[in-house]
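Written below as structure tokens is the structure these notes are about.
The values are calculated or read from the model by the stated rules, or taken from the named source; none is laboratory data. The structure presented is a predicted model; accordingly, all values stated were derived computationally and were not measured. Neighbour counts run over all protein chains shown; Cβ positions are idealised from the backbone, glycine included. Quick note on the areas: whole protein, heavy atoms, side chains included, nothing else; ligands and nucleic acids left out. Shrake-Rupley method; radii C 1.70, N 1.55, O 1.52, S 1.80 Å.
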Amino acid sequence: MISKYQMQPQVDIGLQGAAVLKDFKKHLEETGAKAETLEKVDKAIKYCEDCAEASQIIILALDWKSGLDKPAEKAEETAEEKPAKKEAPKRKRAAKKKEEPKPEPAPTLFDAPKEEPKEEPKAEEPAADDSLDDLF
């Protein structure tokens with residue numbers, strides 16, 4: 001469904017387009033353009049003006065339609081004819097409940113301290129090259 005807020009830019013665009021084309025037409029007349037070109041520009045100007053006018057009429061129609069959807073005028077007429085009713089006092093919002101502190105969640109495996117792996121005892125390393133010379 002279209003709204004009048006969508007149609008207002010169409011009105012503006014149509015009027016701006018017509019203004020630009022009128023300036024262009026003046027330029028073409030000064031430079032001595034062909035009659036066919038001037039005729040095409042005239043048609044474009046007329047088209048832009050018609051679009052702007054049509055958009056304004058659509059906005060009026062949308063305003064009228066929104067009046068039908070909301071029977072505000074009828075309500076005002078009937079209010080004058082009928083005696084006014086006492087309005088009930090508006091309800092006040094309920095007081096906000098105080099938030100109780102949340103208990104801390106139970107620890108998980110991810111919360112446990114990280115244990116470092118124990119180092120395994122190393123096997124004896126072979127003797128250095130110098131110690132082998134002693135054997136021979």
Report summary line: Taking the stretch 26-63 and keeping residues open to solvent by less than 50 Å² (accessible area, probe 1.4 Å) and more than 29 Å from the chain's Cα centre (by Cα) leaves Leu28, Ala33, Leu38, Val41, Ala44, Ile45, Cys48
Report summary line: When the stretch 10-48 is checked residue by residue, the ones that are part of a helix (DSSP H, G or I), among the basic types (Lys, Arg) and over 27 Å from Ile59 (Cβ atoms) are Lys25, Lys26, Lys40
